[in-house]
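The values are calculated or read from the model by the stated rules, or taken from the named source; none is laboratory data. Keep in mind it's a predicted model, so treat the numbers as computed, not measured. Using ideal geometry, Cβ is built from the backbone for each residue, glycine included, and neighbour counts are taken over all protein chains shown. Just so you know, the surface numbers come from the protein's heavy atoms only, side chains and all, with ligands and any DNA or RNA stripped out. Shrake-Rupley method; radii C 1.70, N 1.55, O 1.52, S 1.80 Å.
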Amino acid sequence: MKFLTGLLAVVLLIAGAGASHAVVRIADDRGGRIGTYVDRYQGLRSSGEYVIIDGLCASACTIVLGAIPHDKICVTSHANLGFHAAWDFGANGRAVTNPEATQMLYSMYPSPIRRWIAQRGGLTPRMIFLRGRELQAMYRPCYMDAQASSPSASQAAPAGVPALSPAAAKASASH
């Protein structure tokens, strides 16, 4: 009996370790160069991993919404997406809006995100944020709130989305 209990513990430990590698967690990502994010997310898309947005994902980080299949993304109650126009450094070192890059960025987003942006005046130098219930109406929620000791029936992860414990969530990669 002790052998079976030990074997079960090892199997559960291995299964849990594998699950932590099947998820990428995005939190506190302020963005950067568009090309860097396009490359990163192409690799992530090819891997088939799930993406959990669990905090700030701003600027070029939001390309994840168009690069990763919708059914491979979930958002927590902490998710906060920030959108703005693309920019370059001008001759004097100031940020100058780049219309071509802004249009390219905008075209990468799925149509519900483009509609949401358009309803708020489009991509401008001013950051606009999509979060809370409005975001969770567009993307499936993932339940990994560290305050919850166990998910209730109404908080069970949807089919096909890994339900992460707080420990597994912390173990997953952060981008």
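Key figures for this structure:
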{"read-out": "Residues of region 45-59 satisfying the condition of being of a type in the set (A, V, I, L, M) and surrounded by fewer than 22 Cβ atoms within 10 Å (Cβ to Cβ)", "value": "Leu56, Ala58"}
{"read-out": "Any hit, region 7-23, residues being assigned to a loop (DSSP other than H, G, I, E, B), polar (S, T, N, Q) and at pLDDT below 90", "value": "no"}
{"read-out": "Those residues of region 31-44 which are of a type outside the set (A, V, I, L, M, F, W, C) and either touching a Cys at 6+ places or on another chain (Cβ under 6 Å) or open to solvent by 20 Å² or more (accessible area, probe 1.4 Å) (or both), in sequence order", "value": "Gly31, Gly32, Arg33, Gly35, Thr36, Asp39, Arg40, Gln42, Gly43"}
{"read-out": "Residue match in region 67-79 (condition: open to solvent by 20 Å² or more (accessible area, probe 1.4 Å) and closer than 15 Å to Thr102 by Cα)", "value": "no"}
{"read-out": "Strands (runs of 3 or more DSSP E) enclosed by region 39-116 - at least 2 residues per element that are more than 13 Å from Ile26 (Cα to Cα) and without any contact (Cβ under 8 Å) to a residue 12 or more places away in the chain", "value": "none"}
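Per-residue answers, yes or no, for (1) in contact with a strand residue (DSSP E or B) (Cβ under 8 Å, 6 or more places away or on another chain); (2) open to solvent by 40 Å² or more (accessible area, probe 1.4 Å):
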| site | (1), (2) |
| --- | --- |
| Arg94 | no, yes |
| Gln103 | no, yes |
| Ile113 | yes, no |
| Pro125 | yes, yes |
| Arg131 | yes, yes |
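Rundown of residues vs (1) modelled with pLDDT of 95 or more; (2) aliphatic (A, V, I, L, M), yes/no style:
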{"site": "Gly32", "(1), (2)": "no, no"}
{"site": "Tyr37", "(1), (2)": "yes, no"}
{"site": "Ser46", "(1), (2)": "no, no"}
{"site": "Ile52", "(1), (2)": "yes, yes"}
{"site": "Gly55", "(1), (2)": "yes, no"}
{"site": "Ser59", "(1), (2)": "yes, no"}
{"site": "Thr62", "(1), (2)": "yes, no"}
{"site": "Ile68", "(1), (2)": "yes, yes"}
{"site": "Ile73", "(1), (2)": "yes, yes"}
